Every structure is written in C-alpha cells, then in structure tokens.
1. List the pair-distance distribution P(r) of the protein assembly as shown, using every Cα-Cα distance, as the percent of pairs falling in each 10 Å bin from 0 up to the bin containing the longest distance, rounded to whole percents.
2. What ratio of Cα Rg to 2.2 N^0.38 Å holds for region B:6-53?
3. Over the alpha carbons of region A:105-236, what is the largest minus smallest coordinate on each principal axis, giving the biggest first in Å?
4. Calculate the spin-label point distance for A:Ala298 paired with A:Gln269, positioning each point 7 Å from the Cα along the beta-carbon direction, and give it in nanometres.
5. Can you give me the angle between helix A:139-152 and the longest principal axis of chain A, using Cα atoms only, in degrees from 0 to 90, rounded to the nearest 10?
6. List residues of region B:1-36, by number, whose backbone nitrogen lies under 16 Å from a label position 7 Å along Cα→C-beta of B:Ser80.
7. Angle check, please: helix A:204-221 long axis (alpha carbons) against the longest principal axis of chain A (alpha carbons), in degrees 0 to 90, nearest 10.
8. Starting at the first residue of region A:128-133, write each ³J(HN,Hα) from the Karplus equation 6.51 cos²θ - 1.76 cosθ + 1.60 with θ = phi - 60°, in whole Hz, x for Gly and Pro.
Amino acid sequence: MATSTLVSNALSKDEILRYSRHLIMPEVGMEGQQKLKAARVLCIGTGGLGSPLALYLAAAGVGTLGLVDFDVVDFTNLQRQIIHSTSDVGRKKLDSAADKIGAINPYVEIERFDTRLSSDNALQIIRDFDIVVDGTDNFPTRYLVNDACVLSGKPNVYGSIFRFEGQASVFATQQGPCYRCLYPEPPPPGLVPSCAEGGVLGILPGLIGIIQATEAIKLILGAGDPLIGRLLLVDALGMRFRELKLRKNADCPVCGSNRTINELIDYQQFCGIRGEEAPATTALPEIQPEELKRRLDAGEDIFVLDVREPHEYQICNLNGHLIPLGDLPKRMNELDSSREIVAHCRSGVRSGKAVDFLRQAGFRKVKNLSGGILAWADKVDPRMPKY
Amino acid sequence: MKIFIPTPLRQYAGRQDAVEVHASTLSDALSKLTSAHPDLKRHLYTDDGKLRAFVNVYLNDEDVRYLADKDKTAVKDGDSLSIIPSIAGGEDIL
C-alpha cells in the first residue's frame, strides 16, 4: 500500500461530515477513511463495470482514481453505463466519467489515461497505483491486465459479465491465484459471443461492478474476507450467488514458482486474433442493400432468408423467411437451392456464416446482404429502426 | 446429478440451464452430457478429446484439475457439476 504520513491524509471538517456514516462504524473509523484517502485505485474501463465502480469508489472517498479509457460514449451504452448520460453521447468517456466523479466528490484526484492499455504502457501506468480494477470487455486485455498486475505486484480485482451472469474474484495477490491459474488460455475468437451479439441485462454490470468496488474497498481497509482464491458466480435471473474454490496453480507461467513470463507479450496474438485468416464474409458472394431493393422492386424471384432470432424479427424485418442461424442445419430442407437466396442478419456477420454453410452444403445461388438490416436501414429505408 | 450449463453454452444444450444425468464418475457424467447434446462436445473438447483450456469443470465447489482422481472421481446423486467458461463481456466486434 502507498504509505503517506497521516498528516497529508488528514480529513478536513468538511470531509469528516461527508464521510460520517463511514466514520461512525468501527470497521472503518477515522483510520479506515484515511486509508481510503491515501489509496490509489486504477479503473481500467469506464463502461458497464467501470460506471458503478468509479461512482462508488468516489463516493467512498478513495483519494486517487486512475481512469483508463480511449472510447467515446455511444447511444447503445446508456442502457447500462450509468456514469454517462444522454447529453454525453459523442463525448470521450474519460471526460464524461471525470465530470460525474468530480460532481459526486470533488476531493477525489482523477488521473486520466486516454489510451488503449497495451504491452507498451501497462506496466508504467499500473506502477503508480495500489490496486487495479479490471472493467474491460475483451480477452486480450484481460490477460494483459493480469500479467501486468502479477509482474507489478498489484492486486487485480476481476469482474466479468455475459448476458445475465457474472463472475468476480481478486487475482494477483501474493498468496492467491491469478487469472491464468483459472484460465490458462483464452477461447478462440468467435467461440464466445460479445455483448453486442449476445446482449446483456443492463443491471448486470451494475451488480458485478459494485462487487468489484466492494472488494477494492475491503482490500484498502484490510477488512472482511476478500474474494482471494474464491470465484463468485452471479446468476441475476435466478438471483443465485455461488462460490467456487480457486487455487493458485503452482505451474502457472506468470505467478507460479517457475515463472516463464517475465514481460508482457503480444496478447492479440495470444488470443489468436492477429494473423487470423480474413473472415469468411469477405470471400463470400455479397449483394448491396440498394441492389437487393432494386431487384425486389423489379419483381425478381429472390428468396430472402433471415437468420436472426425471433425476438429480433419483432424489432424490424424485411419480411424474410426466418430460420435462426443455429437452426439452419436442421431446417435446410425449407430452402430451395434452385432459387436465388439472399441471407441477412443484423449486420452481416451471422448471415455470412449462413452463406458459408449453405455453399458448403452445395447451394450455388446464395448471397450475403452486405451490412445486414442495419445497412438496409441506412441506405434504403431510413424509417426502419436500428438496434 | 445436476450439471449446470453456463449461459454461452445453453444454446447447445437445448436452452437448458441444468441437465440431470445418472453417472458413477465425473468422466461418465460428462460423456452422458455430450452424448445427449452432441453440439456441446466441440465447445467443451478439442479434437483430441481434451477439455478445452478456457473451460473449467467443478465438482461441487472444487476444480476437477485439483482432485486426486481428476475425472475418474466418483460422483453421487446429490453432487453437482459446474461448467465455467471464461467470459469477458462486450467488446463490439460486429
């Protein structure tokens, strides 16, 4: 922990009143509140997980919050990234987050890092903080943060979410396991959907982000039982909380006794992202939305195949024949390979897989609608809602 | 015994969040699971039959990797198996 003299973390009359509900509890007290004030916590990401995390750490009186985020507030973020409001759409997340933190608690020092965390900067950035909270949304950064924390000796408060389930733990402490002890290797790209493909219950990052804030505060105070060596599993739909035991892997390449990873690596490559073949969609036959519209209007016999899910069809559709991608293998007999087929989905990725699949099954007249129904809404029918 | 199916894999297990199987050992339980839901197999196992590295299996609350008999561990009706894949939320890759 950063050591500062008690004098420099002395609380003013104003702060004492602000934090009174902490101070009247023996578990926090003046000493605990001063530890919070002395603490330097790095929040990686100011999105779903980062929103409640940063807000509550600020409210609690953490003295210095580092914020790492290169992204800009998007309209679809507002469903869950509650540190950002409607008027922030288009602004840098860092600026939006800093404004709200300052409004809640002007005593918090904010250090902004307007950058993508990478192997080139992670160690330098993390070095000046006591605790790192990982609120990121992709596997390469997860491994990067983990390794950087282990190499720097900083605890990594981990949280992750998917749809309506979440995980939380505290990694990279001296005695405890690290992320690699749990998951030595990442999944190959494309095997685990992202929030944009899988959706996410808006409240979920709230639930998990608060758990992360709680763990960070416990580590600072030295109170309670932190989630070291424990994986908390949250199922929001069932409202069930389960716990699994995590062990430190003695052979872990980064935190084990025979460390083989002594510096940060290329995490994109580790996760199989760089050097991958060009996605199948670029080699597949495509049709632009304008051309499809022209040919449909001209009365041409085109079979429009929609490979999205039924609930997406309800949002908007092109009157296509709906066969969700997962059902395509067993419902292929509904398709006539002698007809021209145009497959579409939301943005062109799933329908690309459908076209690839059908071509391998012998269909010769199948094309992918480039850009999906989103591109149709942009270029052909602006009245169509986008999602 | 109950096998808890994690969200990302439910689409391959008939959308169920848990599956009941009767089995004597852990590997027996998993093999009954993948026989009943063949699509699950390629998501859980590599081509040479090993459990994928980003998937962890827990018998009750213990990681199978750390059990003395590993996947030959005996299981009883009241036990539960949890399949825990790594998840990382939502970078928009579409």
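Bear in mind these aren't lab numbers, they're just calculated from the coordinates by the rules spelled out. Please read these numbers as outputs of a predicted model, since none were measured by experiment. When we count neighbours, we look across all protein chains shown, and the Cβ atoms used for this are built from the backbone with ideal geometry, even at glycine.
1. Computed distribution, short to long bins: 4, 18, 26, 24, 17, 8, 3, 1, 0.
2. Details: Rg = 10.5 Å, N = 48, 2.2 N^0.38 = 9.6 Å.
Here the Cα radius of gyration is 1.10 times the empirical estimate.
3. 37, 35, 34
4. About 4.9 nm separates the two model spin labels.
5. 20
6. The answer is B:1-7, B:16-21.
7. Computed tilt is about 20 degrees.
8. Result, rounded to whole Hz: 8, 10, 8, 9, 10, 10.
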